[in-house]
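Student: Attaching a single structure in structure tokens format; questions to follow.
The values are calculated or read from the model by the stated rules, or taken from the named source; none is laboratory data. Note that the coordinates shown come from a computational prediction; the quantities given were computed from them, not determined experimentally. Every residue, glycine as well, gets a Cβ built from its backbone with ideal geometry; the counts of neighbours run over all protein chains shown. These accessible areas exclude ligands, DNA and RNA; they are computed on the full protein's heavy atoms, side chains included. Shrake-Rupley method; radii C 1.70, N 1.55, O 1.52, S 1.80 Å.
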Amino acid sequence: MSDDNNCCFCNGRLIVISGPSGAGKDTIVNSLLLKDERFSLSVSATTRAPRPGEKDGVNYYYVNVGEFEKMIKDGEFIEYTKYGSSYYGTLKSDVKKRINNGKIVVLVIEVQGAENVRKIFPDCLSIFIMPPSFEILEQRLRDRCSENEDEIKKRLKIAKTEVEKRFEYDIVVENDILDETVKNVHNKILEKLDLT
């Protein structure tokens, strides 16, 4: 999944953000993008259906399973994985384009994908977002109204495994009060990238 040019296009300006489904990763990243124009979100491809309000090419590139598997064969992904019943993948072309435009590129990806990215880009900065508790995490998943009961149970089971991996990340942040979490994550990124 790696190639000889991978080391050339990261340049320490790649940030990986992971955490259980429902931890608030997307909300935090969207707030970061509004707060600091130097940040740019890499748009991943997925086979899951869009949630209410999500747009193709903005939140994800929504493709069917056949299209996704063809993209795998064509080597279009930096990393890809199956999470629950859906594929997710980070497109090489999207990340390269953003870094070449001078942006700090943020990848919001699950734990297995983050492990793959860190192997290819050891100088990337990795951040794990923790929920305040599993009870709050479950409530957030239910409040989204985007998964059925079986999918919620699957995501909670996966979350327990993911949380065990948090110490493999450079930074761990608990998302309790959103504004404070965004400020905390932003400050830690700027400090680590020596941009304060």
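Student: So for the range 40-163: antiparallel DSSP bridges make up what percent, rounded to the nearest 5? Provide the component values of the computation, followed by the final result.
Tutor: Values: 8 of 14 bridges.
Antiparallel bridges make up about 55 percent of those DSSP assigns within the range 40-163.
Student: Here is a follow-up. Keeping all protein chains in the complex and leaving out DNA, RNA and ligands, what accessible area do you get for residue 180 with a 1.4 Å probe, in Å² to the nearest 10?
Tutor: Roll a 1.4 Å probe over it and residue 180 shows about 120 Å².
Student: For the chain, what D do you get in µm² per second when you plug the Kirkwood radius from alpha-carbon pairs into Stokes-Einstein at 20 °C and 1.002 mPa s? All intermediate terms of the calculation are to be shown ahead of the outcome.
Tutor: Working: Rh = 17.1 Å.
The calculation lands on 125 µm²/s.
Student: When the accessible area of the range 51-179 is computed with all protein chains present and a 1.4 Å probe, what percentage of it is carbon and sulfur?
Tutor: Working: 3340 of 6920 Å².
With neighbouring chains kept in place, the figure for the range 51-179 is 48 percent.
Student: List the residues whose amide H sits under 5 Å from the amide H of residue 106, counting only those 5 or more places along or on another chain, with H placed 1.01 Å from N in the peptide plane.
Tutor: 15, 40, 41, 42
Student: May I pose another question? Leaving out ligands and nucleic acids, and using a 1.4 Å probe, what accessible area per residue does the chain come to in Å²?
Tutor: Ligands and nucleic acids excluded, the figure is 52 Å² per residue.
Student: Sort 91-101, 52-62, 75-85 by packing, meaning the average of other beta carbons within 10 Å per residue, with the highest value first. Working shown, then result.
Tutor: On the way: 91-101: 16.5, 52-62: 12.4, 75-85: 18.1.
Descending packing order for the listed peptides: 75-85, 91-101, 52-62.
Student: Give me the net charge of residue 178's neighbourhood, meaning all other residues with Cβ under 15 Å from the Cβ of residue 178; Lys, Arg count +1, Asp, Glu -1. Provide the component values of the computation, followed by the final result.
Tutor: Details: positive: 25, 35, 140, 183; negative: 26, 143, 174, 176, 179, 180.
Neighbour charge sum, excluding residue 178 itself: -2.
Student: Continuing with this model, one more query. Under 23 Å between alpha carbons, and skipping anything fewer than 8 positions from residue 35 in its own chain: which lysines qualify?
Tutor: In chain and number order, the partners are 25, 55, 96, 97, 103, 183, 188, 192.
Student: Using just the C-alpha positions of the range 37-111 as equal point scatterers, what log10 of I(q)/I(0) does the Debye formula give at each q in 0.16, 0.24 1/Å?
Tutor: -0.56, -1.16
Student: Near residue 168, within a Cβ-to-Cβ distance under 12 Å, what is the net charge of the other residues, with Lys and Arg +1 and Asp and Glu -1? The partial results should precede the final answer.
Tutor: On the way: positive: 118, 119, 165, 166; negative: 115, 162, 164, 170.
Result for the neighbourhood of residue 168: 0.
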